[in-house]
Each structure stands twice: as structure tokens, then as C-alpha cells.
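So the structure is just underneath, and the comments pick up after that.
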Amino acid sequence: GVTPTVFAVELIARTEGKLAVGSIPSVAGVTVKGLSADYASAFGVLVDACEQVGWEFQVVNGALNIAENFGVDRTKDFVFRAGSNIEITALGDDDGELCNVLTAYSPGRGINRMEITLRDEASIAEFGEYPLAMEFDAEKLDELEQKAQEFLDEHNLPKTQFEVAIDFDHDKEPDYGLGDKVRVADPETGIVTTSRIMTEAREYGESGLVVNL
């Protein structure tokens, strides 16, 4: 048929190029449901699966890596401060993921489907209403409320986005990497925030290593 029973077969069949040898556990501990691979690309199936369970993936040197979370919390180890150890090349606020009125559903249909609406009044007062309806995998009302509240707490503020450039002397490789959380301070605007490294480019020059984050 159009969609093989096992999605892994489809992913391998539609992947071009060399496959790197890796380690795949027999059980990941999470279950995805309701995915459609009809005429979809392997990338599209992977994106849908990861978004459903909140996992992440990245490709490094042609090897696909999938994990519950990439990176570590380095907010106590690294403080990037403009004018001190970094140069801020771009700064902006993105409200694309902002949510302060969340309607949460449980799986199911009709009267058997649980539904709650949570509001973050402080965020609404500052930014206006940003509604979102979302399904959570929960079997009890308190579980649904807990997952919804965790999501709301994570998305109730606009995301401050930095692009920074950092210079390092020769033989001074930074310890942080993609996915890590660090603190960024901009004395000019007064912003001090926790940010996550989402992209990284390293280039060696005459004076040493230049890292763009």
C-alpha cells in the first residue's frame, strides 16, 4: 500500500545517501499516534513525530540524532555579555510561539474528551491575548492540567532572540554547543535572559576561532 505498517521501513526506503552506523534502542519509552505518511517525506514524518512527543532531532556530519533533549543547562557556566566577551549582531523579539490562553484537550471524542482552559493574566495584561488549542496525552484531569500549565509557563513570554559573535584565541575551544542553555546580557538594553543555542558556525582566522551563535 501507500503507507508501510512500520514507519522505520519507510524512513530507510526514502533516505538517500550513506547511513551511519548507530545505536537504536528497542524501546524509546514514548509512543506516537495518528501520524500519516501517505505521500509524505521522511523529514515530514520525523518532524510530526518529534513535535507530538516534544523530542528533538539534529543532523551532524550526515548522521541523524534523535533525543528527548539536546544540550545541557550552562547558565551558571557561561554569561555572554555585550562589550565584554561577545558582540551582538542582531536582537529581536518573536511572538510566534507566544501563548497565554491555552485550551487543552485530552485524546478522544465527544463527552469522553476532557477539556480545560488556562489563562496567564500577567502575560495577557502585557501582550494581549494569544490563544492556542492543543491536545495533550493525558488520562486524568489533574494530569491534563499539569501538562497544560507546564506548556503555558514555557510559552507565556515572547522569545528574545540574539545573534552573537565571539572570538577565541588559538587552542581555546569553547565547551558549549548546540542545544545548550546560556545567559546573555546586553547592557545597552538592560536585557539579561536565558537563551538556547539554536545555530552555531565556527570559522578559524588569523587571530583565532570566531564562533557565531
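Hey, does segment 173-180 have a residue that's more than 26 Å from Phe57 (Cβ to Cβ) and either out of contact with any Cys (no Cβ under 7 Å at 6 or more places or on another chain) or part of a helix (DSSP H, G or I) (or both)? No, segment 173-180 contains no residue that is more than 26 Å from Phe57 (Cβ to Cβ) and either out of contact with any Cys (no Cβ under 7 Å at 6 or more places or on another chain) or part of a helix (DSSP H, G or I) (or both).
Here's the yes/no breakdown for (1) more than 18 Å from Leu91 (Cα to Cα); (2) of a type in the set (Lys, Arg):
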{"position": "Ala165", "(1), (2)": "no, no"}
{"position": "Lys172", "(1), (2)": "yes, yes"}
{"position": "Asp180", "(1), (2)": "yes, no"}
{"position": "Arg183", "(1), (2)": "no, yes"}
{"position": "Gly190", "(1), (2)": "no, no"}
{"position": "Ser195", "(1), (2)": "no, no"}
{"position": "Met198", "(1), (2)": "no, no"}
{"position": "Glu203", "(1), (2)": "yes, no"}
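Return the residues of segment 89-136 that are open to solvent by less than 40 Å² (accessible area, probe 1.4 Å) and aliphatic (A, V, I, L, M); say none if nothing qualifies. Hits for segment 89-136 are Ala90, Leu98, Val101, Leu102, Ala104, Ile116, Leu118, Ile124. The residues of segment 171-190 that are of a type outside the set (Ser, Thr, Tyr) and surrounded by 11 or more Cβ atoms within 10 Å (Cβ to Cβ), listed by number, are Pro174, Gly177, Leu178, Gly179, Asp180, Lys181, Val182, Arg183, Val184, Ala185, Asp186, Pro187. All of Leu152, Leu132, Leu144 fail the test of being part of a strand (DSSP E or B), farther than 30 Å from Arg202 by Cα and modelled with pLDDT of 90 or more, apart from Leu132. Inclusion of Ala165 among residues that are part of a strand (DSSP E or B) and in contact (Cβ under 8 Å) with a residue 60 or more places away in the chain is warranted.
Residues of segment 23-82 that are open to solvent by 60 Å² or more (accessible area, probe 1.4 Å), closer than 25 Å to Arg196 by Cβ and among the charged types (D, E, K, R): Asp48, Glu51, Glu68, Asp73, Lys76, Asp77, Arg81.
Would a scan of segment 137-158 turn up a residue that is more than 24 Å from Val30 (Cβ to Cβ) and either among the charged types (D, E, K, R) or surrounded by fewer than 16 Cβ atoms within 10 Å (Cβ to Cβ) (or both)? Within segment 137-158, none of the residues are more than 24 Å from Val30 (Cβ to Cβ) and either among the charged types (D, E, K, R) or surrounded by fewer than 16 Cβ atoms within 10 Å (Cβ to Cβ) (or both). Checked against the criterion of being on the phi > 0 side of the Ramachandran plot and in contact (Cβ under 8 Å) with a residue 40 or more places away in the chain, the candidates Gly177, Gly83, Gly128, Gly108 yield just one match: Gly83. In this structure, Thr199 does satisfy being open to solvent by 40 Å² or more (accessible area, probe 1.4 Å), in a loop (DSSP other than H, G, I, E, B) and of a type in the set (Ser, Thr, Tyr).
In summary, strands (runs of 3 or more DSSP E) completely within segment 1-117 and bearing 3 or more residues that are farther than 30 Å from Leu141 by Cβ and modelled with pLDDT of 80 or more occur at 63-67, 79-81, 87-94. Please determine whether any residue of segment 182-189 is more than 22 Å from Phe70 (Cα to Cα) and among the β-branched types (Val, Ile, Thr). Within segment 182-189, one or more residues are more than 22 Å from Phe70 (Cα to Cα) and among the β-branched types (Val, Ile, Thr).
The values are calculated or read from the model by the stated rules, or taken from the named source; none is laboratory data. All of these numbers come straight from a predicted model, not from anything done at the bench. Note: ideal-geometry Cβ built from the backbone for every residue, glycine included; neighbour counts use all protein chains shown. These accessible areas exclude ligands, DNA and RNA; they are computed on the full protein's heavy atoms, side chains included. Shrake-Rupley method; radii C 1.70, N 1.55, O 1.52, S 1.80 Å.
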